[in-house]
Amino acid sequence: IMLQFQKGLSLKEFSTFAIGGPIHLFAEISSVEEMKEAFVWAEKEKLPLLILGKGSNCLFSDLGFEGLVLLNKIDFCRWEENIVEAGAGYSFSLLGVQSARKGLTGLEFASGIPATVGGAVFMNAGANGQETSGCLDEVYFLHLDGKEEVFSKEKLHFAYRSSSFQKMRGAILSAKFSLLPSKEARERQLQIVSQRLKTQPYREKSIGCIFRNPSSEMSAGKLIDQCGLKGSIV
């Protein structure tokens, strides 16, 4: 395998906010073998690494990144009845739609979330009272030294918008989810998308919700609304 490195790119090209400076070196990763090769090469060249998905929760510096940026495009998807394993670069939103169409519940909330599966696991993305960790079974991870490891959910810690992976060095390769049959899954998924389109600037340049909810009972948006600050520019 020979990685194809690119120069002259900018982080703003990989951000939903369209902000970010120049990239020293860039490579698109489509397999575990390519990710391993990239890790070995970066270590040899003493280059820092930045691994990207859809760039939807990222606010990049205009100074750019003086290292190797890897775009994780490991995007396979394998179904076995109500169990699905998806590559880290697979669309999380698409996975939510496909699972609901199959009459399976657990990932309806994912439809409309502009993330990859890897990014959703990394951030424990959530919406509509559900989180990525809710139906997660296993995560396949590649350490910087090239060692592959399979983590069951029980070995991991998940909390509001956080996971064990935020303290690890390496890359999420894929994740396996266990879903449940539901006749209402498709209807619920369509309702979620409809509500999202009504209330959020879904097709505009954005980094998504930038506020942290103070608790599971109270949302930041509700507090802002109660203060009469909704729509204010500060």
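The values are calculated or read from the model by the stated rules, or taken from the named source; none is laboratory data. Everything numeric here is computed off the predicted structure, so don't read it as measured data. For neighbour counting, all protein chains shown are included, and Cβ atoms are generated from backbone atoms with ideal geometry for every residue, glycine included. Just so you know, the surface numbers come from the protein's heavy atoms only, side chains and all, with ligands and any DNA or RNA stripped out. Shrake-Rupley method; radii C 1.70, N 1.55, O 1.52, S 1.80 Å.
What number of residues in the stretch 64-80 are among the charged types (D, E, K, R) and either at pLDDT below 95 or under 17 Å from the mean Cα position of the chain (by Cα) (or both)?
Final tally of qualifying residues: 2.
For the stretch 85-96, give me each residue that is touching a Phe, Trp or Tyr at 6+ places or on another chain (Cβ under 9 Å) and either more than 15 Å from THR116 (Cα to Cα) or surrounded by fewer than 22 Cβ atoms within 10 Å (Cβ to Cβ) (or both).
GLU85
Taking the stretch 185-213, which residues are more than 26 Å from LEU104 (Cβ to Cβ), among the hydrophobic types (A, V, I, L, M, F, W, C) and surrounded by fewer than 13 Cβ atoms within 10 Å (Cβ to Cβ)?
ILE210, PHE211, listed by residue number.
Could you run through the stretch 27-43 and say how many residues are open to solvent by 50 Å² or more (accessible area, probe 1.4 Å) and either within 22 Å of GLY64 (Cα to Cα) or among the polar types (S, T, N, Q) (or both)?
Going through the stretch 27-43 one residue at a time, the tally reaches 4.
Could you tell me how many of the residues in the stretch 140-176 are closer than 24 Å to ILE192 by Cβ and at pLDDT 95 or above? Reasoning before the result, please.
Filtering the stretch 140-176 down to residues closer than 24 Å to ILE192 by Cβ leaves 153, 158-163, 175-176.
Then keep just the ones that are at pLDDT 95 or above; that gives 153, 158, 163, 175-176.
Matching residues across the stretch 140-176 total 5.
Here is a yes/no grid of residues against (1) closer than 24 Å to LYS155 by Cβ; (2) open to solvent by 20 Å² or more (accessible area, probe 1.4 Å):
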site	(1), (2)
GLN98	no, yes
GLU108	no, no
THR116	yes, no
PHE122	yes, yes
ASN128	no, yes
GLU131	yes, yes
ASP137	yes, yes
